[in-house]
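Worksheet: one structure, shown below.
Here, each number is a calculation from the coordinates, and none is a lab measurement. Keep in mind it's a predicted model, so treat the numbers as computed, not measured.
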Amino acid sequence: FRLLTYASDESMAEECVGLAQGMEIKHAVFNTGFAGAKVVADASRLDGGVASIDKRQLMSETSELLKDLEGTMFTGCDMNTTLEDMSYLAEQCDYVLAAIGNPHIDPNACTAFGVVG
C-alpha cells in the first residue's frame, strides 16, 4: 500500500503499473502463488499532502475495496504506510500481508534486502 503525492493521475497510474509488474516478477521468482498488484493512493489533492491524511479512514475505505475483490488482491506496507496502519486494516479485512504480530520481521527491511540484496 503506497501513499504518496503525484504530479498527475497519469504519473500515479504509471507508477502503479510499474509496481504491479515488479510484484509480478517478485512473486514468480519466489513461487508464492500470488500475481502482481499494488494499492496506490494519491494525497496530492489534500492540503498538507500525506501528513494530513486520516489514515484510519483511508484504511477503512481500503478494506471495503479489498473485501469487494473477495480475496483476489492482498496488500501490505509500502511508502508512508506502517505496520500500525496494516494492523488496523487487518482488523477490518483478511487481505493483508505485512508480518503483523511478528516483531522479529520488518517487511521494509525484507523488501530492501530483496532490492539491494
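The table that follows gives values for the structure above.
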{"read-out": "Eligible aspartates and glutamates near LYS26 by straight Cα distance, threshold 19 Å, same-chain separation 8 or greater", "value": "GLU14, GLU15, ASP78, ASP106"}
{"read-out": "Cross-link partners of LYS67 among aspartates and glutamates (Cα-Cα below 18 Å; sequence separation of 8 or more within a chain)", "value": "ASP85, GLU91, ASP94"}
{"read-out": "Sequence-distant residues sharing a close amide H with ARG2 (under 5 Å, placed H)", "value": "VAL39, VAL40, ALA41"}
{"read-out": "Three-way shape call for region 1-105 based on the alpha-carbon gyration tensor, with the a/c threshold at 1.5", "value": "oblate"}
